[in-house]
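J.: For reference, the structure I am asking about is given below.
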Amino acid sequence: MVRLNRFLSQYGGCSRRKADQFIQQGRVVVNGVKAVLGQKVFSTDKVFLDSTLIKSKPKTNTYLAFNKPKGIVCTTDSEKEKHNIIDYINYPKRIFPIGRLDKNSQGLILLTDDGLVVNKILRTQHQIEKEYLVRVNKPISSEFIKKMSSGVPILNTTTQKCRIEQLSNVEFRIILKQGLNRQIRRMCQFLDYRVTFLQRVRIHHIVLDMPLGKYRKLTPADMQPFFKQNRQKA
């Protein structure tokens, strides 16, 4: 059950204020009876505007995988943050990021208008693998690799054990299941290293395969493994 003005704004192509005007003007009829302000309707009700039946349309959710550039902030608050992810993508529907990727990092982040998916993923975020490519400011030692993979004390806790692979003298790949604030940067800082480049290349089964600053659409089938992960935890 929803308010009539909301129903009209969703499926009748008008604002809620305009819908209220239509109702006050007697132009809206519900099940053969003139509607009144504040009225609520069910999906089975027959709603007419000027003798035209207003039909509800099945909602189609949006899922995006986006390659976020450095300098873009993962927030929907465009008033407080000029370089926000929503304005940058400029998608025609209202969407919001799932989780975060800090301003100075780049790479994969997911966005959607599906609140149910957001809740499921965030509820199981500590079980979902996230893979990163990292470059630091000086040569990597075997002791650094050992300590990073075993756990580092940051933010009043010790990070979980993780997988880490050295790729070059100053580069490594790391796979985390945790999502602490600026976790990789803080871990490196604790060991007296500074991150000069950080890119997320995978979230669970979704991989980074689009150019920097571009997105690709995901299907509901692409999102199903996240639901499976949620059921396994339950």
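Bear in mind that the values in this text are calculations on the coordinates, not laboratory data. Here the structure is a predicted model, which means the values were calculated and not measured. Don't worry about glycine lacking a Cβ; one is built from the backbone with ideal geometry, like all the others, and counts go over all protein chains shown.
J.: Which of the chymotrypsin sites (Phe, Trp or Tyr not before Pro) found in the range 1-63 are loop residues per DSSP with 13 or fewer other Cβ atoms within 10 Å of their Cβ? If you can, show how the numbers build up before the last one.
T.: On the way: sites: Phe7, Tyr11, Phe22, Phe42, Phe48, Tyr63; in loops: Phe42.
When the chymotrypsin sites (Phe, Trp or Tyr not before Pro) of the range 1-63 are filtered for loop state and at most 13 Cβ neighbours within 10 Å, Phe42 remain.
J.: Next up: For the pairs Lys161/Lys217; Lys146/Lys177; Lys138/Lys161, flag any whose C-alpha to C-alpha distance is greater than 21 Å.
T.: Details: Lys161/Lys217 33 Å; Lys146/Lys177 18 Å; Lys138/Lys161 23 Å.
Violating the 21 Å limit, Cα to Cα: Lys161/Lys217; Lys138/Lys161.
J.: Here's another thing I want to ask about it. Can you give the longest stretch of the chain with no exposed loop site, where a site means GluC sites (Glu not before Pro) in a DSSP loop (not H, G, I, E or B) with at most 16 other C-beta atoms within 10 Å? Mind dumping the intermediate values first?
T.: On the way: sites that count: Glu79, Glu81, Glu129.
Longest site-free region, per DSSP loop and neighbour criteria: 130-234.
J.: With a ≥ b ≥ c taken as the square roots of the eigenvalues of the C-alpha gyration tensor of the range 157-224, please select rounded if a/c is under 1.5 and otherwise prolate if a/b is larger than b/c or oblate if it is not?
T.: In terms of gyration-tensor shape, prolate.
J.: While we're here: Do any trypsin sites (Lys or Arg not before Pro) in the range 20-76 lie in a loop, going by DSSP, with at most 11 other beta-carbon atoms within 10 Å of their beta carbon, and if so which? List each step's numbers first, then the result.
T.: On the way: sites: Arg27, Lys34, Lys40, Lys46, Lys55, Lys59, Lys70; in loops: Arg27, Lys46, Lys55, Lys59, Lys70.
Of the trypsin sites (Lys or Arg not before Pro), the ones in loops of the range 20-76 whose Cβ has at most 11 other Cβ atoms within 10 Å are Lys55, Lys59.
J.: Hey, another quick one. So, counting K/R as plus one and D/E as minus one, what does the shell of residues with Cβ under 10 Å around Tyr11 add up to? Display every interim value, and only then the final one.
T.: On the way: positive: Arg6, Lys55, Lys57; negative: none.
The answer is +3.
J.: Considering the Cα trace of the range 1-78, what is its radius of gyration and what is Dmax, both in angstroms?
T.: When restricted to the Cα atoms of the range 1-78, Rg and Dmax are 17.5, 57 Å.
J.: Give the whole-number value, in cubic angstrom per residue, of the convex hull volume spanned by the C-alpha atoms of the chain. Walk me through the intermediate numbers first.
T.: Values: hull volume 37.8 nm³, N = 234.
Here the figure is 161 Å³ per residue.
J.: Once you have the Cα-Cα distance between Lys177 and Lys40, take 0.36 nm times their residue separation minus that, and quote the gain in nm to one decimal. It would help to have the intermediate numbers written out before the result.
T.: Numbers: separation 137, 0.36 × 137 = 49.32 nm, distance 4.45 nm.
In short, 44.9 nm is gained.
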